[in-house]
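What follows is a set of notes on a single structure, which appears directly below.
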Amino acid sequence: MTSSALHHASRPVGFVYSLLDPVPLGFFVAAWIFDVIYLFSTEIAWTQSASWLIVFGLILAIIPRIISLVHLVKGRNLPGRSALNLHFWLSALAVVLAIFNAFVHSRDAWAVVPSGVILSTLVVLLLLIANVQLAVRTRYAYGEAR
């Protein structure tokens with residue numbers, strides 16, 4: 001989801017943010033799906049693939065979080081700022097949980113099952129809530145709702 005508040009501040013930065021912000025969600029959803037598949041199949045390749053997806057999602061989550069943090073610190077009266085603020089904190093919490101999830105996935109495959117699935121589920125839910133609230137609140141902030 002993109003934020004119009006980021007586009008008003010700087011077009012290239014807004015473009016990079018809009019391009020990279022949804023990508024980690026895709027990696028984390030894929031990791032969650034792989035964790036659920038591993039839960040039912042016990043094929044070790046699924047949990048190993050999930051751990052790699054979590055790492056790639058974390059790497060790609062760094063740049064949008066830094067951009068969002070800078071805009072929260074520097075942005076003063078931008079429309080949709082409260083939506084950006086909540087989006088940042090929910091996403092940051094999801095990234096912290098994903099870091100713990102990466103440590104959980106670094107263990108033996110049999111040790112991943114209960115906590116890995118729970119952490120993956122929480123990360124995906126937090127990112128989905130963050131993106132949906134950003135889309136809805138930004139739309140209302142700019143008066144596009146009917």
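The values are calculated or read from the model by the stated rules, or taken from the named source; none is laboratory data. Model, not experiment: these values are computed from the prediction. A quick note on method: Cβ atoms are made from the backbone with ideal geometry, for glycine too, and the neighbour counts reach across all protein chains shown.
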For this session: Please find, among Ala130, Ala92, the residue that is without any contact (Cβ under 8 Å) to a residue 60 or more places away in the chain and closer than 15 Å to Pro22 by Cβ.
Result: Ala130
For this session: Identify, from the list Arg65, Arg107, Arg76, the residue that is at pLDDT below 95, among the basic types (Lys, Arg) and buried (at least 18 other Cβ atoms within 10 Å of the Cβ).
Result: Arg65
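Can you tell me which residues in the range 122-146 are modelled with pLDDT under 90 and under 28 Å from Leu97 (Cα atoms)?
Within the range 122-146, Asn131, Gln133, Leu134, Ala135, Val136, Arg137, Thr138 qualify.
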For this session: Output the residue which, of all residues in the range 110-121 that are of a type in the set (A, V, I, L, M, F, W, C) and at pLDDT below 90, is surrounded by the most Cβ atoms within 10 Å (Cβ to Cβ).
Result: Val112
Seminar exercise, completed: Counted residues in the range 45-59 being of a type in the set (A, V, I, L, M, F, W, C), more than 20 Å from the chain's Cα centre (by Cα) and either over 10 Å from Ala109 (Cβ atoms) or surrounded by fewer than 17 Cβ atoms within 10 Å (Cβ to Cβ) (or both) come to 1
